[in-house]
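Only one structure is covered here, and it is reproduced in the block below.
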Amino acid sequence: MKVWLDDQAVRDPEGWVVVRTADEAIALLIAGGVEAISLDHDLGDIRYEPYPREVTGMDVVRWMVSNNTFPKVVNVHSLSPRAKAMVADLVKAAPDGVKVRMWRYDAGGAVAKDLEKLITQQDYDGPQRS
């Protein structure tokens, strides 16, 4: 299964299980069978109990690191300045063989036509760990 975490439906790719919250993404990781996950940072998920804070894609990264649970491919597709920190944490903690990638949308915010190729290609030149 390939999991796409993003709060904006306009960016949903075909062939991916789409989730809108960090909790949903973590639940799928717990259930198992996730081969690839692509994470947005800003999810618009504001929690008010017990303390107000935004729950983001970084919370999924922290969960993966804390539980040593990583799909074969972990992609960060966020425009947030925090995307680099997500990738850095993943690269530091992911075991050998886990591909960690980052890509950004073009100026129009469109999803790449061939997302599968983009996040799994061997000759990708962005931040990564293969």
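Any read-out appearing in this document is the output of simple, stated calculations on the displayed coordinates, not a laboratory observation. In this text, all values refer to a predicted model and were calculated from it rather than measured experimentally. In this analysis, Cβ positions are derived from the backbone assuming ideal geometry, glycine residues included, and neighbour counts consider all displayed protein chains.
Miscellaneous remarks
- Near V76, the amide H atoms lying under 5 Å from its own belong to L39, R101, M102, W103; only residues 5 or more places off or on other chains count, and H is placed 1.01 Å from N.
- In sequence order, calculated HN-Hα J values of segment 78-84 (Karplus, 6.51, -1.76, 1.60; Hz; x Gly/Pro): 8, 8, 5, x, 6, 4, 5
- Annotation for segment 1-67: chymotrypsin sites (Phe, Trp or Tyr not before Pro) lying in DSSP loop with at most 10 further Cβ atoms inside 10 Å of their Cβ are Y48.
- Karplus-derived HN-Hα couplings along segment 6-20 (A = 6.51, B = -1.76, C = 1.60, θ = phi - 60°), whole Hz, x at Gly and Pro: 7, 8, 10, 5, 4, 9, 5, x, 6, x, 10, 7, 9, 10, 10
- Residues whose amide H comes within less than 5 Å of that of D42, counting only those at least five positions distant or on another chain, are G57, S80 (H built at 1.01 Å from N in the peptide plane).
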